[in-house]
């Protein structure tokens, strides 16, 4: 899974069509719920495994939820940087 302030991509066993609308319910650590709708912008079959990579763009993400996502990304990046420095 790859998440950003503008959309999310994920692996799915199901193929979605470009422009499909998906209702997403995300739980960001530590239990922050984010509900939104996302439009499928790209699909591609996985190489060497069954399933598809689905890329989406949020279509109705509230500013508060977007801030929660961005805060989560920054926290995750800081944790990874600290872990690299400690090794």
task = Please list, ordered by first then second residue, the pairs with beta carbon atoms under 9 Å, 6 or more apart or interchain, first in the stretch 1-30 and touching a residue at least 60 places away in the same chain (Cβ under 8 Å), second part of a loop (DSSP other than H, G, I, E, B) and loosely packed, with under 12 Cβ neighbours inside 10 Å.
result = none
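Being part of a strand (DSSP E or B) and in contact with a helix residue (DSSP H, G or I) (Cβ under 9 Å, 6 or more places away or on another chain) is the filter; apply it to the stretch 1-16 and report the residue that is farthest from residue 45 (Cα to Cα). Steps first, please.
In the first step, residues of the stretch 1-16 are kept if they are part of a strand (DSSP E or B); the result is 2-3, 8-12.
Applying the additional criterion that residues be in contact with a helix residue (DSSP H, G or I) (Cβ under 9 Å, 6 or more places away or on another chain) yields 3, 8.
Working: 3: 19, 8: 17 Å.
Top of the filtered list is 3.
Return the residues of the stretch 47-67 that are under 13 Å from residue 8 (Cβ atoms) and part of a helix (DSSP H, G or I); say none if nothing qualifies. Spell out how you get there, then give the answer.
Applying the first criterion (under 13 Å from residue 8 (Cβ atoms)) to the stretch 47-67 yields 53-59, 61, 65-66.
Answer for the stretch 47-67, where residues must be under 13 Å from residue 8 (Cβ atoms) and part of a helix (DSSP H, G or I): 65, 66.
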Pairs where the first residue, in the stretch 46-71, is at positive phi and touching a residue at least 24 places away in the same chain (Cβ under 8 Å) and the second is outside any strand (DSSP E or B) and surrounded by 12 or more Cβ atoms within 10 Å (Cβ to Cβ), C-beta under 9 Å, 6+ apart = 51/15
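Against the definition (within 14 Å of the chain's Cα centre (by Cα), part of a strand (DSSP E or B) and modelled with pLDDT of 95 or more), how does residue 26 come out, yes or no?
Values: within 14 Å of the chain's Cα centre (by Cα): yes; part of a strand (DSSP E or B): yes; modelled with pLDDT of 95 or more: no.
No; evaluated as a whole, the condition is false for this residue.
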task = For residue 44, state whether it is touching a strand residue (DSSP E or B) at 6+ places or on another chain (Cβ under 8 Å), modelled with pLDDT of 95 or more and part of a loop (DSSP other than H, G, I, E, B).
result = no
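The values are calculated or read from the model by the stated rules, or taken from the named source; none is laboratory data. Quick caveat, the model's predicted, so the values are computed rather than measured. Neighbour counts run over all protein chains shown; Cβ positions are idealised from the backbone, glycine included.
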